[in-house]
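The values are calculated or read from the model by the stated rules, or taken from the named source; none is laboratory data. Here the structure is a predicted model, which means the values were calculated and not measured. Every residue, glycine as well, gets a Cβ built from its backbone with ideal geometry; the counts of neighbours run over all protein chains shown. Note: accessible area is taken over every heavy atom of the protein model, side chains too, but ligands, DNA and RNA are not part of it. Shrake-Rupley method; radii C 1.70, N 1.55, O 1.52, S 1.80 Å.
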Amino acid sequence: MKLGTLYGVSVGTGDPELITVKGLRILQSCEVIAFPSGIDHRPGIAQNIIQSWLKPQQQILPLKFPYVQNEEQLQQAWKDAALAVWYYLQQGTDLVFACLGDISFYSTFTYLAQTLQQLHPEITVETVPGICSPMAIASVLGIPLTVNHQRLAILPALYSIPELEVALDWAEVVVLLKVSSVYQQVWQILQRRNLLDSSWIVEKATFPEQKIYGDLSHYPQLDLSYFSILLINQGTSFQHV
């Protein structure tokens with residue numbers, strides 16, 4: 001029997017219409033739709049984004065990926081998810097994994113696909129690119145992410161303040177993901193470098209509850225959610241729309 005194909009489909013950052021035409025076609029053509037499960041048995045974020053596109057006959061497959069740093073726990077979670085997906089692929093059933101943002105941009109799908117291919121090298125994996133958060137926040141701000149020869153640095157998580165100092169010395173545009181836990185320290189650096197008025201925070205970009213904070217001199221303290229991103233542009237002055 002021919003094995004099913006595992007599709008990694010990018011579904012964008014929140015707005016259901018940000019999925020690509022190709023991604024939507026594949027999403028609606030597969031029998032089984034997988035995605036990271038939500039916390040406390042609530043629907044996951046990717047599930048909420050694609051819910052309006054799903055058909056009643058499609059089967060959903062929430063997969064549990066714990067929010068931990070423990071390598072052993074993560075390895076086991078990836079293996080458990082891979083086994084759940086393999087159950088369908090070995091029967092010849094194509095399966096979509098719906099991924100928040102872009103499939104190749106700090107995505108859980110990468111670990112799932114790699115684990116599955118280690119266990120079953122014969123499977124076919126196809127991915128569909130999409131819109132990731134740095135592009136989304138530039139869009140909602142109404143400014144270009146980069147122009148001319150500007151250098152762009154994206155820090156997925158800031159574990160030490162010197163990392164930001166190095167990035168600001170090297171790049172004209174710096175994007176900080178997961179900024180909520182270090183915001184106060186970052187704010188102090190921006191103040192010292194006179195960058196508060198050329199920095200923006202977008203919280204939950206393209207979701208209905210999206211919030212934008214500009215001219216951060218007014219916001220030395222913010223209670224931000226996990227999905228908050230800071231954009232610093234120290235090369236060109238822009239006013240967001």
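Rolling a 1.4 Å probe across the protein heavy atoms gives the chain an accessible surface of 53 Å² per residue. Against the chain, whose longest principal axis is taken from its Cα atoms, helix 71-89 shows a tilt of about 40°.
Pop out the carbon and sulfur fraction of the accessible area of segment 135-241 as a percent, whole number, probe 1.4 Å. Walk me through the intermediate numbers first.
Working: 2850 of 5600 Å².
Exposed carbon and sulfur together represent 51 percent of the surface.
At 0.36 nm per residue, minus the direct Cα-Cα distance, what do residue 215 and residue 93 gain on full extension? Give it in nm, one decimal, please. Kindly include the intermediate steps, with their values, before the conclusion.
Working: separation 122, 0.36 × 122 = 43.92 nm, distance 5.10 nm.
Gain on extension, residue 215 to residue 93, equals 38.8 nm.
Note on the chain: GNM, Cα springs under 10 Å; of 119, 196, 27, the largest mean-square fluctuation is that of 119. Values of log10 I(q)/I(0) for segment 137-195 across q = 0.21, 0.26, 0.27 Å⁻¹ run -0.90, -1.24, -1.28, by the Debye formula with one identical scatterer at each alpha carbon and no solvent.
Between residue 114 and residue 67, residue separation times 0.36 nm minus the direct Cα-Cα distance comes to 15.0 nm. If you run the Gaussian network model on the chain, springs between alpha carbon atoms under 10 Å, then out of 164, 63, 222 the most flexible one is 222.
Ordered from longest to shortest, the equivalent ellipsoid semi-axes for segment 83-179 are 35, 16, 11 Å, each the square root of 5 times a Cα gyration tensor eigenvalue. Any idea which of 123, 76, 162 is furthest toward the positive side of the dipole for segment 55-170, if Lys and Arg beta-carbons carry +1 and Asp and Glu beta-carbons -1? So the residue furthest toward the plus end is 123. Under the rule a/c < 1.5 gives rounded, and otherwise a/b versus b/c splits prolate from oblate, where does segment 1-89 land using the Cα gyration tensor? Here segment 1-89 falls in the oblate category. The slack between residue 125 and residue 148, meaning 0.36 nm per residue of separation minus the straight C-alpha distance, is 4.7 nm. Taking every alpha-carbon pair in the chain and binning the separations at 5 Å intervals from zero gives 1, 6, 13, 16, 17, 14, 12, 10, 7, 4, 1, 0, 0 percent.
Among 135, 1, the order of accessible area from largest down is 1, 135, computed with a 1.4 Å probe on protein heavy atoms. Taking amide H atoms as placed 1.01 Å from N in the peptide plane, the amide H of residue 63 lies under 5 Å from those of 35, 37, each 5 or more residues away in sequence or on another chain.
For segment 129-241, just say rounded, prolate or oblate: build the C-alpha gyration tensor, square-root its eigenvalues into a ≥ b ≥ c, call rounded for a/c under 1.5, and beyond that prolate if a/b exceeds b/c, oblate if not. Note, shape of segment 129-241 comes out rounded. Here's the list of lysines a cross-link from residue 2 could span, going by alpha-carbon distance under 27 Å and ignoring same-chain residues fewer than 8 apart: 22, 55, 79. Once the Cα atoms are used to define both axes, helix 183-192 deviates from the longest principal axis of the chain by about 40 degrees.
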